[in-house]
Amino acid sequence: MATRKTAPPAFVCTECGWTTAKWVGRCGECQQWGTVKEQAVRTGILRQTDAVAPTAERAARPITQITTADAPRRTSGVAEFDRVLGGGVVPGAAILLSGEPGVGKSTLLLEVAAATARAGRRVLYASAEESPAQVRLRAERTGALHDELYLASETDLGTILGHIDEVKPDLLIVDSVQTVASGLIDGAAGQPSQVREVAATLIRIAKDRGLPVILVGHVTKDGQVAGPRMLEHLVDVVCHFEGDRQTALRFIRALKNRFGPTDEVGCFEMTGAGIAEVPDPSGLFLSRGAAEPGTCVAIAMEGRRALPVEVQALTIDSNAPNPRRVVNGLDSSRVAMVLAILERRAGIATSKLDVYVSTVGGVRFTEPAADLAIAVAVAGSIRQVSVPHTVAAVGELSLAGEIRPVTQATQRRSEAARLGYSQVVDDRSKTLRAALGDVRARSTARRSEDEIPPF
């Protein structure tokens, strides 16, 4: 006769430790109610981890006793890049730079490498996409030749680590992380497991040796960094290099920054000799001619930087049943809303006119602060009124015709005053009709043959 195996105890009393195979309301030993709880059973899946005593260098210390003297920021030699990083490159930092193909990522990093080399620090540029001769040609064109700039064309992670041991650089640039593969991981370069292994290894080297590493990352068709999302979590700084190929202007923004703010923007301009910094980009977004009807300057915010942007409008009589609305650089839905507010709240008819609205310099200005400048430019085009170069307009329009305050209004006014705009028309005018009156008081009317009255 086979013996029945009893089930192991699954319930235990929290007071006296009495065990039972089934749940009961009262403990059979201490006779207390509600003390019998289900007992967790070890599955054997988890492994025990032995504690390891930390060394004296890795011992935990009060945060007040930790200094940053060993990690001073170093300038990259490119002031606009340092601005985005928070003041410079931190030793041991892992920086990921992404951007659309052909926007100028490699050109920018070659300039950063050359500037760092001129400062007396050795740079290793590992290019996994171009041959050394191709990089040399671009360096000759941009003037980025220096003896302290070392170049290697490698796609194997182990070989790149060997170059690091031999060169002993002060800055490492890998272009790009999606084209480097590790022999320890199966699969081709660019697969999520490969990208994760390559990035983790390079970041571990950066932290152990205090070596700043800049990784170039590809982007997908929707603008996201290609590869696993963990890549953005591993690095310290994520920067995005953007710009329109039809224009020379480029912006670099920090999407993540453990060492500084994420609302800074660096401005660059692509030239025949490479990429050039633009410390004051205000001149790129303004026309330099005389004041013409249909123009108005607004103050836009790019991160914490205030930029004057000129909004231009052109209106033409239309015989079509549906007049045209052509918008460039602005939000087309907001332009349509501003036209409706102009006609309803300010008495300026726009429904039978073809309206063309654009910004100068190809800049994209989609924040609500552009509403008032759009209204002034369209009204000026219809009434043939020239807004002086000393007047700027900043404000968001409500459907009731009221002007709402915008964010960072004080900084916008300060930047406008610094650039010579003595009057800023904003929410202090209360309504759109009053704001148009304030602009009219300082404007010059160009009367046509039909004697169009100024607004």
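The values are calculated or read from the model by the stated rules, or taken from the named source; none is laboratory data. What you are looking at is a predicted structure, and each value in this text was computed from that prediction instead of being measured. With ideal geometry, Cβ positions are generated from the backbone for all residues, glycine too; neighbour counts draw on all protein chains shown. Ligands, DNA and RNA are excluded from the accessible area calculation, which covers all protein heavy atoms including side chains. Shrake-Rupley method; radii C 1.70, N 1.55, O 1.52, S 1.80 Å.
With contacts taken as Cα pairs under 8 Å at a separation of at least 6 residues, the chain carries a relative contact order of 11 percent.
Accessible area per residue for the chain is 52 Å², calculated with a 1.4 Å probe on protein heavy atoms, without ligands, DNA or RNA.
Considering only protein heavy atoms and a probe of 1.4 Å, how much of the accessible area of the chain is carbon and sulfur, as a whole percent?
Values: 11980 of 23770 Å².
On the chain, the fraction of accessible area on carbon and sulfur atoms equals 50 percent.
Largest first, the extents of the alpha carbon coordinates of the range 232-273 on the three principal axes equal 35, 17, 17 Å.
Selection among LEU97, SER131, ILE66 by position relative to the dipole of the range 56-131 gives ILE66 as farthest towards the positive end (Cβ unit charges, Cα centre). Once you reduce the range 350-366 and the range 390-430 to the center of their Cα atoms, the two points are 19 Å from each other. Checking the cross-link filter: which lysines have an alpha carbon closer than 20 Å to that of LYS207, excluding same-chain neighbours under 8 positions apart? Partners found: LYS168, LYS256. Of all DSSP-defined beta bridges confined to the chain, some 60% are antiparallel rather than parallel.
From the alpha carbon centroid of the range 253-282 to that of the range 120-152 is 22 Å.
Express as a percent, rounded to the nearest 5, the fraction of DSSP beta bridges in the range 79-279 (both residues included) that run antiparallel.
Values: 16 of 39 bridges.
About 40 percent, rounded to the nearest 5.
Assuming charge only on the beta carbon of Lys and Arg (+1) and of Asp and Glu (-1), the dipole of the range 200-327 about its Cα centre is about 500 debye to the nearest 20.
Seen against the Cα atoms of the chain and their longest principal axis, helix 105-118 is set at about 80 degrees.
The slack between THR67 and LYS430, meaning 0.36 nm per residue of separation minus the straight C-alpha distance, is 125.5 nm. ASP331 contributes an accessible area of around 50 Å² to the protein surface, as traced by a 1.4 Å probe with all chains present.
Label sites at ALA340 and ARG324, each approximated as a point 7 angstrom past Cα along Cα to Cβ, lie 2.3 nm apart.
Counting every Cα pair in the range 283-449, what percent are over 22 Å apart? Write out the running numbers ahead of the final one.
Numbers: 4798 of 13861 pairs.
So the pairs more than 22 Å apart make up 35 percent of the total in the range 283-449.
In the context of the full protein assembly, LYS430 retains an accessible surface of approximately 140 Å², using a probe radius of 1.4 Å and ignoring ligands and nucleic acids.
At 222 nm, what value in deg cm²/dmol follows for the chain if DSSP H runs of at least 4 each add -39500 (n - 2.57) and the sum is divided by all its residues, to the nearest 500? Present the calculation step by step, with values, prior to reporting the outcome.
Details: 10 runs with 113 residues, N = 455.
That calculation yields -7500 deg cm²/dmol at 222 nm.
Please report, in debye to the nearest 20, how large the charge dipole of the chain is about its Cα centre when each Lys and Arg carries +1 at its beta carbon and each Asp and Glu carries -1 there. Walk me through the intermediate numbers first.
Details: 53 positive and 52 negative charges, 263 e Å.
With Lys and Arg at +1 and Asp and Glu at -1, about 1260 debye.
Multiply the residue separation of ARG141 and THR247 by 0.36 nm, subtract the distance between their alpha-carbon atoms, and state the gained length in nm to one decimal.
On the way: separation 106, 0.36 × 106 = 38.16 nm, distance 2.01 nm.
Stretched fully, the ARG141-THR247 segment lengthens by 36.1 nm.
Size of the range 75-228: Rg and Dmax of its alpha carbons, in Å, are 14.6, 41.
Quick check on the range 396-435: take the gyration tensor over C-alpha atoms, sort the square-rooted eigenvalues as a ≥ b ≥ c, and tell me if it's rounded (a/c under 1.5), prolate or oblate.
Cα axes put the range 396-435 in the oblate bin.
Once the Cα atoms are used to define both axes, helix 409-418 deviates from the longest principal axis of the chain by about 50 degrees.
Could you calculate the contour length gain from THR55 to LYS352, that is, 0.36 nm times the residue separation minus the distance between their Cα atoms, to one decimal place in nm? Walk me through the numbers before you get to the answer.
Values: separation 297, 0.36 × 297 = 106.92 nm, distance 7.93 nm.
99.0 nm is the gain from fully extending THR55 to LYS352.
Each other residue within a Cβ distance under 12 Å of ARG304 adds +1 if Lys or Arg and -1 if Asp or Glu, for a net charge of 0.
Only one of the listed values, [x] 27, 60, 12, 0; [y] 24, 55, 19, 2, 0; [z] 20, 35, 26, 14, 4, 0, was derived from the coordinates as P(r) over Cα pairs in 20 Å bins from 0, in percent; which label is it? Computed from the coordinates, P(r) over Cα pairs in 20 Å bins from 0, in percent corresponds to [z]. Report the Cα centroid-to-centroid distance between the range 223-241 and the range 308-345 in angstrom, as an integer. Cα centres, the range 223-241 to the range 308-345: 38 Å. Helix 432-441 axis versus longest C-alpha principal axis of the chain: approximately 50°, rounded to the nearest ten.
Projecting the Cα positions of PRO192, HIS240, PRO212 onto the charge dipole of the range 187-346 (unit charges on Cβ atoms of Lys, Arg, Asp and Glu, taken about the Cα centre) puts PRO192 furthest along the positive direction.
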